[in-house]
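Q: Would you mind keeping the following structure in view while I ask a few things?
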Amino acid sequence: MFKELFVKYKPLILVLIVVLGSFFAYLNIYSHEFLWDDEFLIQNNIFIRSWENLPKIFTTCSGAGAGRLDNFYRPMQTLFYTLIYSFFKLNPFGYLFLNVLLHLSNAILIFLLLKKISKNDYLAALVSFFWVIHPVHTEAITYMSGTADPLSVFFALISFLLYFLFKKNKNWIILSFSILTFILALLSKETMIIFPGLIILYELLFSDKQQKILNCRFVIPFLIISMVYFILRLTVLNFINTLNIYEDSNVYTDHLSIRIITFLSSLIMYYSFIFWPVNLHMERDFPIFTNPLSWQPLVSIIIILIFIIVIIRELKQKATPLLSFGLGWFFIGFVPMSGLIPVNSFLLEHWLYFTSIGLFLCLAVGLRYLWKRISKIKPIIISILIIMAAILISLNLFRNRDWRNPIIFYNNILKYASGTARVHNNLAMAYVDENDLIKAEKHYLKAIEISDIYAQTHYNLAMLYLKTNREKKAVEQLLKSIEINKNFFFSYQALGAIYKQNNEIEKAQEYYQQAEQIKYY
């Protein structure tokens, strides 16, 4: 009786297991506090407080609502925050619930997508389940401002499924909706510009031989949209500099070969995050690699060559090319972070959110291979999977605790390295909130010592000095922040307030006028 019910409702039961995995993996996050970029994306973002700001959300950078100029353009993220704010205001629960809901939805969409491609419910469920409980994704889920990752993947997976439906029915309205959801994915996060590459990969691997090239014509609208989006990001949607590349020239920005070597070296770390997910943390001190004969890029190249050999063998055997698709997914997903364009970081855990789907698919294909060929070890495989699931959920719960509040979060980063200027600045801000001004001043000064290029740090230190009646030092810090960034709105406003309080009306008006001229919103 039970067996018959399971067979009848197998997809539903497998999805339920995925749901339960997601539920338990993120059970302990809902009392967490705002931290890191939550300050300007949520807490101080006036755009999310009214639907009247909708035009501004789609015409300005992501930080504009908090008076911050950056080069991120993710209006869908801000739009979803506006929706959450309508119901929860500044209660962190709503933003955390949004991320978990998106994460769970993505796991279900992965199941549906891989079920269609592999024609195997168990393989699809295995990928979906272990993907949804893996602790490397806490940087995209437990971190409230990480919404861009699950949101962009949500729209991209829907677009892919709609594309499948179009292929089946040849209904052009469905293709239009697939294109629309792809645009929404792009408006959620820039890295989804690679999505057309996944569709091309699918067509080349899974279409009939005679249809491969013919079917690729359906990808043309997606490619055009990617090109138009890229041009827009270089022009009217380029708020600071080109696609977040470094403003200063250095050995990394000037040499494509060094960027590729550094990327190849980083792949070793990404593999370790999946297979040994401990010591996870943000703001890693990952070095620039200049020597192609270093062991990291060499090992990475060897692994890639082994993958290529396995893929060639898979294609020659005319088997379902799931392994090729998984590896293609992984590497296509990493193209925006591969060094072809020198983006603003070398190594981030949340970059695995989308790309790791392909890697999990490869692992599931490997397990299926063992399952089919060595029947005696089936009970061992099942036991190992159950143990792994328990371990990963436990690790996820422990990792969630690192995000409880700003002081725990930043001190956790400092356990692994001396920390960047940004870490010390934000930790100082957290100590200010706790009224521990001595520790706060210490970390502000440490941030300036590490890298004196941030106007925000000097402004924050000035506010501390005002709290402790050191007005002269506060003015010095505010002037220093303007020296670093002549468009730093808040320092002009603060100087205007100080001079107004001291009845120096002309100076006050001068700074207030300058503040209004550079206001970002």
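Q: For residue 269 paired with residue 371, estimate the spin-label separation in nm (one decimal), with each label point 7 Å from Cα along the Cα-to-Cβ line.
A: Going from the residue 269 label point to the residue 371 one covers 3.4 nm.
Q: For the chain, build the charge dipole from Cβ charges (+1 Lys, Arg; -1 Asp, Glu) around the Cα centre, then report which of 501, 390, 228 sits farthest towards its positive end.
A: Highest projection toward the positive end goes to 390.
Q: Follow-up question, since we're still on this one. Go through the stretch 125-172 and name the trypsin sites (Lys or Arg not before Pro) that are in a DSSP coil and have 16 or fewer other Cβ atoms within 10 Å of their Cβ. Walk me through the numbers on the way to the answer.
A: On the way: sites: 167, 168, 170; in loops: 170.
Qualifying residues, ordered by number: 170.
Q: Mind checking the full-extension length gain between residue 255 and residue 363? Use 0.36 nm per residue of separation minus the Cα-Cα distance, one decimal, nm.
A: Details: separation 108, 0.36 × 108 = 38.88 nm, distance 3.43 nm.
Full extension of this stretch gives 35.4 nm more.
Q: I'd like to know which of 297, 443, 511 lies farthest towards the positive end of the charge dipole of the chain, counting +1 on Cβ of Lys and Arg and -1 on Cβ of Asp and Glu.
A: 297
Q: Expressed as an acute angle from 0 to 90° and rounded to the nearest 10, what is the orientation of the C-alpha long axis of helix 220-234 relative to the principal long axis of the chain?
A: Here the helix axis deviates by roughly 20 degrees.
Q: Provide the per-residue ³J(HN,Hα) series for the stretch 276-290, in order, calculated from phi with Karplus coefficients 6.51, -1.76, 1.60 and θ = phi - 60°, each as a whole number of Hz, with x at glycine and proline positions.
A: The phi angles translate into 9, x, 10, 6, 7, 6, 8, 6, 7, 8, 8, x, 7, 9, 10 Hz.
Q: OK, next. Can you tell me the 0 to 90 degree angle between the C-alpha axis of helix 75-88 and the longest principal axis of the chain, rounded to 10?
A: 80
Q: Measuring from label point to label point, each 7 Å out along Cα→Cβ, what is the residue 476 to residue 516 span in nm?
A: 3.2
Q: Using the basic label-point model (7 angstrom from Cα toward the beta carbon), what is the residue 212 to residue 93 distance in nanometres?
A: Placing both labels 7 Å beyond Cα along the Cβ direction yields 5.5 nm.
Q: What FRET efficiency do you get for residue 390 and residue 120 if R0 is 30 Å and r is their Cβ-Cβ distance, rounded to the nearest 0.05?
A: Numbers: r = 24 Å, r/R0 = 0.81.
Step by step, r from the Cβ atoms, then E = 0.80.
Q: May I ask you to list the trypsin sites (Lys or Arg not before Pro) in the stretch 50-155 that are in a DSSP loop and have at most 16 other Cβ atoms within 10 Å of their Cβ?
A: Values: sites: 56, 68, 89, 115, 116, 119; in loops: 68, 89, 119.
For trypsin sites (Lys or Arg not before Pro) across the stretch 50-155 that sit outside H, G, I, E and B with at most 16 neighbouring Cβ atoms in 10 Å, the list reads 89, 119.
Q: In square nanometres, what is the average projected area of the Cα convex hull of the stretch 147-239?
A: 6.1
Q: Under 8 Å for C-alpha pairs, at least 6 residues apart: give me the relative contact order for the stretch 322-367, rounded to a whole percent. Walk me through the numbers on the way to the answer.
A: Working: 34 pairs, mean separation 29.2, N = 46.
Worked out over the stretch 322-367, it gives 64 percent.
Q: What FRET efficiency, computed as 1/(1 + (r/R0)^6) with R0 = 30 Å and r the Cβ-Cβ distance, is obtained for residue 70 and residue 204, rounded to the nearest 0.05?
A: Numbers: r = 37 Å, r/R0 = 1.24.
Between residue 70 and residue 204 the formula returns 0.20.
Q: Do any trypsin sites (Lys or Arg not before Pro) in the stretch 247-339 lie in a loop, going by DSSP, with at most 10 other beta-carbon atoms within 10 Å of their beta carbon, and if so which? Walk me through the numbers on the way to the answer.
A: Numbers: sites: 259, 284, 313, 316, 318; in loops: 284, 318.
Listed in order of number, the matching sites are 318.
Q: Calculate the FRET efficiency for residue 276 and residue 381 from the Cβ-Cβ distance with a Förster distance of 22 Å, rounded to the nearest 0.05.
A: Working: r = 20 Å, r/R0 = 0.91.
Working from the Cβ atoms, E equals 0.65.
Q: In addition: Quick check for you: which residues of the stretch 73-97 have the amide N under 12 Å from the point 7 Å beyond the Cα of residue 50 toward its beta carbon?
A: Within reach of a label on residue 50: no residues.
Q: Assuming a ≥ b ≥ c are the square roots of the Cα gyration tensor eigenvalues, decide whether the stretch 425-501 counts as rounded (a/c under 1.5), prolate (otherwise, with a/b larger than b/c) or oblate.
A: Verdict is oblate for the stretch 425-501.
Q: Still on this structure, please answer the following. Sort 192, 388, 76 so that the residue with the fewest other Cβ atoms within 10 Å of its own Cβ comes first and the one with the most comes last.
A: Values: 192 26, 388 12, 76 22.
With the sparsest Cβ surroundings first, the list reads 388, 76, 192.
Q: How far is helix 148-169 tilted off the main Cα axis of the chain, in degrees rounded to 10, range 0 to 90?
A: The helix 148-169 is inclined about 30 degrees to the chain.
Q: Can I ask one more? Along the charge dipole of the chain, Cβ charges K/R +1 and D/E -1, which of 113, 412, 47 sits furthest on the positive end?
A: 113
None of the figures in this text is laboratory data; all of them are computed from the coordinates on show. The model shown is predicted, which means the values in this text are computed figures rather than measured ones. Methodologically, a virtual Cβ is constructed for each residue, glycine included, from the backbone with ideal geometry; neighbour enumeration extends over all protein chains shown.
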